[in-house]
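Undergrad: Before anything else, here's the structure in question.
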Amino acid sequence: MVDRDALALDDPVGQSLSGHHAHFARRLGRTATYLPGVATFSAVSADADAAEWADLARLLGPGELADMFSSPAAPPSGWEPVFSLEGRQMIWPGSGRPDHPRAATDTGVVELGADSVPEMLDLVARAQPGPFWPRTHELGTYLGIRDNGTLVAMAGERLRPPGWTEISAVCTAPEARGRGYAARLVSALGARIVARNERPFLHVAEANTGAIALYERLGFKVRKHVTFWGLRTP
């Protein structure tokens, strides 16, 4: 059975940039990308022609990264492949919230703001959850857990297609793994998202079997398999 409410997730970057994240968008023609320092994701139409790809090249500039996320569009010749990574898009399937007993009352989970960015960037460098830049935290709420004052785990909100919020940057410092921090953070974010009548979703690398198992335990279901990919502009 097709979840028609999830159709916006076929183009999560484009849907976010034309809606909730429009104030973070740079645009040229039908193409769009995030402001520098916020995110590197770009969007073109699924059936983008050569002219649309040329607009994206002009928007980004020569020799720049076009991070196409999970776009199905095919680039013309002259665009240099940079990376390709197989992954999954997982969604919270319905009402309620991701199941963790401490989600609503977890006093050890704290909000992270602009003053926490140096700590967040340091944690990302050590835990390597994926793209995270100095202004990424502006995309939504970011939560963290500290151990003796040191930030050891975090997760936050990233893409915002209509009716949905992506949970992203889920990471734990190597020395603090195995304590259940990721489950607590994902559950706390999920509870907030559901409380504003949206549904949580996330993306995970196919090779990250530990994270996939965690998300499945919390109740997330695979919606589809995706390929994350990026190019260098001509």
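The values are calculated or read from the model by the stated rules, or taken from the named source; none is laboratory data. Computed from a predicted structure; not experimentally measured. Cβ: placed from backbone, ideal geometry, glycine included. Neighbour counts: every protein chain shown. With ligands, DNA and RNA removed, areas are computed over all heavy atoms of the protein, side chains included. Shrake-Rupley method; radii C 1.70, N 1.55, O 1.52, S 1.80 Å.
Undergrad: To the nearest 20 debye, what is the magnitude of the charge dipole of the stretch 26-65 about its Cα centre, counting +1 on the Cβ of each Lys and Arg and -1 on the Cβ of each Asp and Glu? Intermediate results must be reported in sequence, preceding the final value.
TA: Numbers: 4 positive and 5 negative charges, 41 e Å.
Value, rounded to 20: 200 debye.
Undergrad: Around residue 173, which amide H atoms from residues at least 5 apart in sequence, or from another chain, sit under 5 Å from its own amide H, with H modelled in the peptide plane?
TA: 153
Undergrad: A further question on this structure: Check which residues have an amide H placed less than 5 Å from residue 32's amide H, if you skip close sequence neighbours.
TA: 43
Undergrad: Order 21, 225, 137 by their accessible area, 1.4 angstrom probe, all chains in place, largest first.
TA: From most accessible down to least: 225, 137, 21.
Undergrad: Assuming R0 = 45 Å, can you tell me the calculated FRET efficiency for the pair residue 225 and residue 146, based on Cβ-Cβ distance, to the nearest 0.05?
TA: Values: r = 35 Å, r/R0 = 0.79.
Plugging the Cβ-Cβ distance into 1/(1 + (r/R0)^6) gives 0.80.
Undergrad: Using the C-alpha gyration tensor of the stretch 103-210, what are the square roots of 5 times its eigenvalues, in whole angstrom, with the largest one first? Spell out each step's value before the answer.
TA: Details: eigenvalues 77, 47, 44 Å².
Each semi-axis is the square root of five times an eigenvalue, giving 20, 15, 15 Å.
Undergrad: Could you sort 34, 181 by accessible area so the largest value comes first, with the probe set to 1.4 Å? Write down the numbers at each step before the final one.
TA: Working: 34 5, 181 30 Å².
These residues rank, largest area first, as 181, 34.
Undergrad: Okay, next question. Expressed as a whole number of Å, what is the distance separating the alpha-carbon centroids of the stretch 37-62 and the stretch 157-190?
TA: Distance between centres, Cα-based: 29 Å.
Undergrad: Please work out how much length the chain gains when fully extended from residue 206 to residue 77, using 0.36 nm per residue of separation minus the C-alpha to C-alpha distance, in nm with one decimal. Mind dumping the intermediate values first?
TA: Values: separation 129, 0.36 × 129 = 46.44 nm, distance 2.80 nm.
Full extension of this stretch gives 43.6 nm more.
Undergrad: Of the listed values (i) 1.77; (ii) 1.01; (iii) 0.94, grab the one calculated as Cα Rg over 2.2 N^0.38 Å from the structure here.
TA: Among (i) 1.77; (ii) 1.01; (iii) 0.94, the one calculated here is (ii).
Undergrad: Leaving ligands, DNA and RNA out of it, work out the accessible area of residue 229 with a 1.4 Å probe and give it in Å² to the nearest 10.
TA: Spelled out: residue 229, probe radius 1.4 Å, area about 30 Å².
Undergrad: Now, a different point. Between residue 26 and residue 49, how high is the FRET efficiency from 1/(1 + (r/R0)^6) when r is the Cβ-Cβ distance and R₀ = 25 Å? Nearest 0.05.
TA: Working: r = 20 Å, r/R0 = 0.81.
Plugging the Cβ-Cβ distance into 1/(1 + (r/R0)^6) gives 0.80.
Undergrad: With each label point set 7 Å from Cα along the Cα-Cβ vector, what nm distance links residue 179 and residue 121?
TA: 2.5 nm
Undergrad: Still on this structure, please answer the following. What do you reckon, how do 122, 47 stack up by accessible area (1.4 Å probe), largest on top?
TA: Working: 122 80, 47 115 Å².
Largest accessible area first, the residues go 47, 122.
Undergrad: A further question on this structure: Under a 1.4 Å probe, what is the accessible area of the stretch 93-234 per residue, stated in Å²?
TA: Values: 6300 Å² over 142 residues.
Roughly 44 Å² per residue, with all protein chains present.
Undergrad: Further, regarding this structure: Most mobile of 197, 208, 148 per a Gaussian network model of the chain (Cα springs, under 10 Å)?
TA: Of 197, 208, 148, the most mobile in the Gaussian network model is 148.
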